[in-house]
Amino acid sequence: MNSARERSPLIKLILLAGVLVFAMLLSLMTGARWIPLSDVIAAFIQPDAMNINHILVSSTRLSRTLMAVVVGASLAVAGVLMQALTRNPLASPGLFGINAGAAFIIILFSTLFTLTSLQAWLWCAFLGAALAGSLVWLIGNMGQGRMNPLRIVLAGAAMTALFSAFSQALLVVSQEGLDTVMFWLAGSLTERSLTLVWPLMLLSALALGLALICARQVNVLSAGEEIAIGLGQRLGLIRLLLGILIIVLAGSAVALAGSIGFIGLIVPHMVRKGLSIDHRWLLPGSALAGATLLLLADLVSRVVILPQEVPVGVMTALLGAPFFILLARRRGAHYA
Amino acid sequence: MSAITSQGLTLSYQDSVIIDQLNVSVPKGKVTVLIGGNGSGKSTLLKSFARLLKPQQGTVLLNGVDIQRKATATVARELAILPQTPVAPEGISVRQLVALGRYPYQSWLQQWSDEDETMVNRALARTGTLELADRPVDSLSGGQRQRAWIAMTLAQDTDIVVLDEPTTFLDLSHQMEVLELLRELNQQEQKTIVMVLHDLNLACRYADQILVVHEQTIYAQGTPAEVLTEELVKTVFDLNCRIIPDPFFDTPLCIPFGREKIE
Ligand SMILES: Nc1ncnc2c1ncn2[C@@H]1O[C@H](COP(=O)(O)OP(=O)(O)OP(=O)(O)O)[C@@H](O)[C@H]1O
Ligand SMILES: [Mg+2]
């Protein structure tokens, strides 16, 4: 608000951005083959088509790094928006039934048509995510009165259960492609070429930008329905916008990288504690922290059992579960 | 001219009618106090005055115009409402909460002006929350929290201020402080104040007009002296009492009885 009060979050935000750049460089360097920083930099400034290191950096490593950044930022920002929309600090984008919906449509289409291109695979996942998200949204808005956050949570749980049951039934009927589906479900950022993923990444980036400029509206929304209307907010409109943003962000994240848990839940919490609860800081801060955290998790998952890889979703769960328990205990003590 | 007028106003939740075919008006520049038993519909009526609740039938006119037809941002610059039990976002500071009150004056281009800053500081100072400004709202006592919310309402800088039980949770001296503040705003800035109070004696002391909400309508209205009678208290609150003139302020003073024998 006034300049003196704003300085401290700004410095922290810049620090966060610095850490992200550092993590991105590290991600370009690390893998089954270690590439020195000088080669990474040279790969961008003076690319040499014959140099194997340069080729590695500008193809697979770059796309993987950018994907981790976009997916991490999308999940974290979707988490912030979800928590503001439901006024529930334990809400996460997964509550919209998005992961289960994406998995179901992928499994359905791959049994019906045998999906061959990765492109088809991506858009099926996004379609499924959007389908489940929209259903949950519609049920949450049904009936008398306005949107009911509790009904959203319940509808999300019901949709997740429903789509998971369908998926399991389909998997039992057809064993085909089970392995790929399982690996994808666990969440992975395995090397995919940028030419394939850029449309979805662009979509996420747009949604991220839009979310950032809505920060003030989100602040008012999180003060509760009556206060928001009293302050002249067009509640239906802003809720619809946030719903669409959450579906796009979480849907493209799950399409790009499978179901990666906990980022959308823990990052908003850490940034609230460490930076600010004001969404003008919280949203950009969460985007940076989410990107960094997913990058680091992916880094570890790449090297921890060389030459094999652990799905990054497993890494985030290993990181996130203890944090979540800590959080629940703290809050429990707080309210006891 | 009246600030708020209801015409044939019917309010209901699902199937139960709370207010039935009500015509009432709230005069401009006056302090109007709503009294009535628990669950009689005071909060419901206030919500409809602030377009938080859509009428089943009838209309609410704000400064002469149907409130449902006005742009909601325009309404927010004319009328501020403090609901009965607002819950602040977790971890928000008092200053951040009060700053939300400036939302109706901001736009995509004009984000935070000097006037916003001035109004926020003034609202903090007037409610005695300046020294609490950087504390998280959820770490405050009930009374301090209430004053922070009132500050948010004042930061909205509207001519009409609607407050649902602004004095609950406050100790007697802070109750008086809040009521004095509201009267001051009324007398110095000609603000129209509409509020719900449960303390009949304070209601009589501070109100220009009293509205009694009972049996789905405004059962009685007028100046405190006109409205507050022993029969009314008996019918509306099912309470035996004596009404005497207040020895200092001359407004009606209600002395309630429990099981004591009254001769
Ligand atoms: N959201 C709601 N849904 C259904 N019924 C409601 C709702 N809100 C209030 N009611 C009912 O409407 C009636 C009037 O409620 P209201 O809150 O207006 O009373 P009140 O006069 O403000 O009471 P109090 O003095 O306790 O604050 C009550 O019977 C209440 O149970
Ligand atoms: Mg009430």
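The values are calculated or read from the model by the stated rules, or taken from the named source; none is laboratory data. Model, not experiment: these values are computed from the prediction. Methodologically, a virtual Cβ is constructed for each residue, glycine included, from the backbone with ideal geometry; neighbour enumeration extends over all protein chains shown. Side chains are part of the model used for accessible areas, which takes the heavy atoms of the whole protein and leaves out ligands, DNA and RNA. Shrake-Rupley method; radii C 1.70, N 1.55, O 1.52, S 1.80 Å.
Do any strands (runs of 3 or more DSSP E) lying entirely in the stretch B:196-263 carry at least 2 residues that are more than 25 Å from B:S48 (Cβ to Cβ), and which ones are they?
On the way: elements: B:209-214, B:217-222, B:241-245, B:252-256.
Those strands (runs of 3 or more DSSP E) span B:241-245, B:252-256.
Of all residues being outside any helix (DSSP H, G or I) and at the interface with chain A (Cβ under 8 Å from one of its Cβ atoms) in the stretch B:110-146, which is surrounded by the most Cβ atoms within 10 Å (Cβ to Cβ)? Just the residue, please. I'd like the intermediate steps shown before the answer.
First, the residues of the stretch B:110-146 that are outside any helix (DSSP H, G or I): B:110-113, B:127-129, B:133-136, B:140-141.
Adding the requirement that they be at the interface with chain A (Cβ under 8 Å from one of its Cβ atoms) leaves B:111-112.
On the way: B:Q111: 10, B:W112: 17.
Step by step, filter the stretch B:110-146, then rank; the result is B:W112.
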Scan of the stretch B:169-190 for residues that are exposed (fewer than 12 other Cβ atoms within 10 Å of the Cβ) and under 18 Å from B:R145 (Cβ atoms), ordered by number: B:L172, B:S173
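For residues in the stretch B:39-74 being of a type in the set (K, R) and within 14 Å of chain A (Cβ to nearest Cβ), which is most open to solvent (accessible area, probe 1.4 Å)? Can you show your working first?
In the first step, residues of the stretch B:39-74 are kept if they are of a type in the set (K, R); the result is B:42, B:47, B:51, B:54, B:69-70.
Remaining after also requiring within 14 Å of chain A (Cβ to nearest Cβ): B:47, B:51, B:54, B:70.
Numbers: B:K47: 51, B:R51: 23, B:K54: 148, B:K70: 39 Å².
Within the stretch B:39-74, the match that is most open to solvent (accessible area, probe 1.4 Å) is B:K54.
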Can you confirm whether the stretch B:23-38 contains a residue that is within 12 Å of chain A (Cβ to nearest Cβ) and either more than 13 Å from ligand 2 (Cβ to nearest atom) or buried (at least 17 other Cβ atoms within 10 Å of the Cβ) (or both)? no
Using beta carbons and a limit of 6 Å, which pairs, at least six apart or on different chains, have the first residue in the stretch B:38-63 and within 21 Å of B:T158 (Cα to Cα) and the second one open to solvent by 40 Å² or more (accessible area, probe 1.4 Å) and within 9 Å of ligand 1 (Cβ to nearest atom)? B:S43/B:Q84; B:L53/B:K47
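Can you list the helices (runs of 4 or more DSSP H) found entirely within the stretch A:23-133 that contain at least 3 residues being touching an Asp or Glu at 6+ places or on another chain (Cβ under 7 Å), crowded, with 20+ Cβ neighbours inside 10 Å and in contact (Cβ under 8 Å) with a residue 60 or more places away in the chain? It would help to see each step written out before you state the result.
On the way: elements: A:37-45, A:52-56, A:62-86, A:98-113.
Helices (runs of 4 or more DSSP H) meeting the threshold: A:62-86.
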Quick one: count up the residues across the stretch B:192-238 that are aliphatic (A, V, I, L, M), more than 16 Å from B:E165 (Cβ to Cβ) and either within 14 Å of chain A (Cβ to nearest Cβ) or more than 16 Å from ligand 2 (Cβ to nearest atom) (or both). 6
Within the stretch B:94-109, considering residues that are more than 8 Å from chain A (Cβ to nearest Cβ) and open to solvent by less than 30 Å² (accessible area, probe 1.4 Å), the one nearest to B:L9 (Cα to Cα): B:R102
Qualifying residue in the stretch B:63-72 (condition: out of contact with any Cys (no Cβ under 9 Å at 6 or more places or on another chain) and within 16 Å of ligand 2 (Cβ to nearest atom)): no
For A:L294: the one exception among (1) surrounded by fewer than 24 Cβ atoms within 10 Å (Cβ to Cβ); (2) part of a helix (DSSP H, G or I): (1)
Within 12 Å of chain B (Cβ to nearest Cβ), in a helix (DSSP H, G or I) and not acidic (D, E) - does that describe any residue in the stretch A:237-247? yes
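Of these, B:T32, B:T5, B:T72, which one is closer than 16 Å to B:D159 by Cα and within 16 Å of ligand 1 (Cβ to nearest atom)?
Values: B:T5 fails: within 16 Å of ligand 1 (Cβ to nearest atom); B:T72 fails: within 16 Å of ligand 1 (Cβ to nearest atom).
It is B:T32.
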Name the residue that is modelled with the lowest pLDDT, counting only residues in the stretch A:189-233 that are of a type in the set (V, I, T) and either open to solvent by less than 20 Å² (accessible area, probe 1.4 Å) or farther than 18 Å from A:H279 by Cβ (or both). A:T190
